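Comments concern the structure below.
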Amino acid sequence: HAGAPLPTGALLGFIVAVVAVILIAIFSYQALQTRSASAGLVTQTQEVMLLVESLNSLIRDAETSQRGFLLTNDESYLQPYNNARSALRGLVADIRQRVAGNPRQTQRLDQLQSFLNEKLEELNETIELQRAGSPQAAGALVRTDRGRAVMERVRVLTAEMSSEARQLFDAREAAWLEAAQTSYLVTGGG
């Protein structure tokens, strides 16, 4: 007859189906959110690794540039040095932004920034001595091994930062894969 309610069994089945769809939607949304957050962390960690490598490359280029200038007295050799001086501050700021939530990495970056400043100062001193017509004094400063000791500290700190970033990357990638698998299971189960 018209307007009669659904039989009790059908009504219960309909309610269970609606609740199941709502639960599947909620779990799917949460799984996708977790997956998205994990992917963001993986990307951030990759960026840190790339930026640390770029930083390492820039300071090596600056050192090589200084040596070329000291050997030739040709100012054109200083272009990589000048590029490094202008780029390092921004690069350190980019890394700092990406490691802000990691106290160990932030501490390493503080030390690294100090060593980079010290290295750039040492390079600048030798360049200025060469420009002032004192190549012997510039060479003597290089031979003190002050710059080499600072570069070794830079290498150690960048290696530590890269190693920790690699470990974080592996853990974050595993979390992303787990989130992706959970997402697939929830979607498939639904």
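The values are calculated or read from the model by the stated rules, or taken from the named source; none is laboratory data. Keep in mind it's a predicted model, so treat the numbers as computed, not measured. Using ideal geometry, Cβ is built from the backbone for each residue, glycine included, and neighbour counts are taken over all protein chains shown. The accessibility values were calculated without ligands, DNA or RNA, using every heavy atom of the protein model including side chains. Shrake-Rupley method; radii C 1.70, N 1.55, O 1.52, S 1.80 Å.
Keeping all protein chains in place and using 1.4 angstrom, which order do Y29, Y81 fall into by accessible surface area, from largest down? If you can, show how the numbers build up before the last one.
Values: Y29 140, Y81 10 Å².
Sorted by accessible area, descending: Y29, Y81.
E125 exposes around 60 Å² of accessible area when a 1.4 Å probe is run over every protein chain in place. The residues packed around V154, meaning those with a beta-carbon under 12 Å from its beta-carbon, carry a net charge of +1 if Lys and Arg are +1 and Asp and Glu are -1.
Two tests apply to each whole DSSP H helix in the chain, Cα reach of 18 Å or more along its axis and mean Kyte-Doolittle hydropathy of at least -0.5, and the ones passing both are 8-72, 146-189. Each residue was assigned an accessible area with a 1.4 Å probe, and for R148 the value is about 150 Å². The residues of segment 32-73 expose on average 50 square angstrom of accessible surface per residue, using a 1.4 Å probe on protein heavy atoms.
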